1. Using θ = phi - 60° and the Karplus form 6.51 cos²θ - 1.76 cosθ + 1.60, what ³J(HN,Hα) does each residue of segment 154-167 get, whole Hz, x for Gly and Pro?
2. Mind running the shape call on segment 267-373? Use the C-alpha gyration tensor, a ≥ b ≥ c as the square roots of the eigenvalues: rounded below 1.5 for a/c, prolate if a/b tops b/c, oblate otherwise.
3. Under the rule a/c < 1.5 gives rounded, and otherwise a/b versus b/c splits prolate from oblate, where does the chain land using the Cα gyration tensor?
4. If you take every residue apart from Pro250 with its C-beta less than 10 Å away from the C-beta of Pro250, what net charge results, scoring Lys and Arg +1 and Asp and Glu -1?
5. Restricting everything to alpha-carbon atoms, can you work out Rg to Rh for segment 162-212 with a Kirkwood hydrodynamic radius?
6. Going by a ≥ b ≥ c, the root eigenvalues of the Cα gyration tensor, does segment 117-162 fall in the rounded group (a/c under 1.5), the prolate group (a/b larger than b/c) or the oblate group?
7. Before rounding to the nearest 500, sum -39500 (n - 2.57) across all DSSP H runs of length at least 4 in the chain and divide by the residue total; then give [θ] at 222 nm in deg cm²/dmol.
8. Quick one: which residues, 5 or more positions from Asn247 or on another chain, have an amide H under 5 Å from its amide H? H modelled 1.01 Å from N in the peptide plane, none for Pro or chain starts.
Amino acid sequence: MFGPKTQTLQQRAQKVIPLGVNSNFRFWGEGVTPYVEKSKGVEMSPAIDMVRMTCSGTEATMHAIRVARAFTGRDLIVKFEGNYHGMHDHVLWSTYSPVESYGNRRSPIAVPASSGIPKAMREFIITLPFNDFEGFERVMKSYGEQIAAVITEPCQGNCAAINPQEGFLQLIRQRTEEHGCLFILDEVKTGFRIANGGAQEYYGLMPDLVTYAKALGNGYPVAAFGGKREIMSIIGQGVSQGGTYTNNKPGIAGAYATLSLLKSKPVLKTIEKRGQRLMDGLREIFEENDIPAVFTGYPAMFSFSLNIDSVTSQREWAKSDHDLYLKIAEKAIARGVMPDFDPREPWFLCYEHSDADIDETLNVYAEAVKEVKK
Ligand SMILES: Cc1ncc(COP(=O)(O)O)c(C=O)c1O
């Protein structure tokens, strides 16, 4: 989020590193830590009453899922194809696999993304295409009473930042509530990025549990999950969560400094303005060169898919022109502008990206697209 020149984070972390990275006290509830103070309330984490720290997004979603299972007394988890929630066996299904392996969208096959995941884990997961209103309704009707949680990224941060269609996240909220399942919103990519209050603020959503990592620590090893008091308070009451470094001080210091900076000046508004200019400029370049391009995501994290008219799920995105995307990226890299080489990965803007950087990127992309079209 902030570039290498930002000193505040380093200074705060350096101050605490000599004390060791471990900490004995727990970061619980109101008023206990500056982190909780900073994050609580409508502005930064609207849905969170209580928060627990972890070291990575993987741990955050893993623990959120355990808490959801413990709270509901159920085992099943629903996740959406193309979403990534970390490396653990509970959710590493139908993430990057070729979509041809996912079967028919009416009865999707959950595909493990790694060897080593026990076959038995498939019993606990239901996968669905993102934005599939009808499929979601069908699953909730058939399995609603057995589902512990529906977990989703607000947009597909791991698949071209595909946006939720209007009403999709609200439908998840409504049906989970009706069936007594929890709604876990994975804000590892959107949290403290698309708005100070993340997708919760952006969409006015109140999920039961929320997970954070990435922008929370701005490069420092820290992540978190939190949610409603009634749910989070079962931790420690026969429900386990913890770890040697789960409250590591440099990470907490990084989070504290990041959240303080976000609150102190219009960081995300600035990023949004520059990101919008970049999106608009790229859109114009593709139009001028007669290349159909679908833009998805938000100015602070966006993506574009080429030679396609609509992208609402990974199955559609897979039909876009990845070769063309990569050819253009190669030409841009040769000219000194380096996007992520994986077209699934959105473009993430940082506060250090200046207006001049946006101009340079647009100039380079204008040349690169022209050259590829020749
Ligand atoms: C949405 C989402 N959730 C969870 C994770 C896992 O986070 P970590 O890499 O910190 O384990 C990621 C990582 O990219 C992510 O994008």
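1. x, 10, 7, x, 10, 8, 6, 6, 4, 6, x, 6, 3, x
2. Here segment 267-373 falls in the oblate category.
3. Details: a/c = 1.93, a/b = 1.16, b/c = 1.66.
Because a/c hits 1.5 or more and a/b fails to exceed b/c, the chain counts as oblate.
4. Summing Lys and Arg as +1 and Asp and Glu as -1 gives +3.
5. Values: Rg = 10.8 Å, Rh = 11.2 Å.
Result for segment 162-212 is an Rg/Rh of 0.96.
6. Oblate shape, in that a/c is at least 1.5 and b/c is the bigger or equal ratio.
7. Taking each H run of at least 4 residues, the total per residue is -11500 deg cm²/dmol.
8. Ser23
No value in this document is a laboratory result; all are computed from the given coordinates. Note that the coordinates shown come from a computational prediction; the quantities given were computed from them, not determined experimentally. Virtual Cβ from ideal backbone geometry, glycine too; neighbours counted across all protein chains shown.
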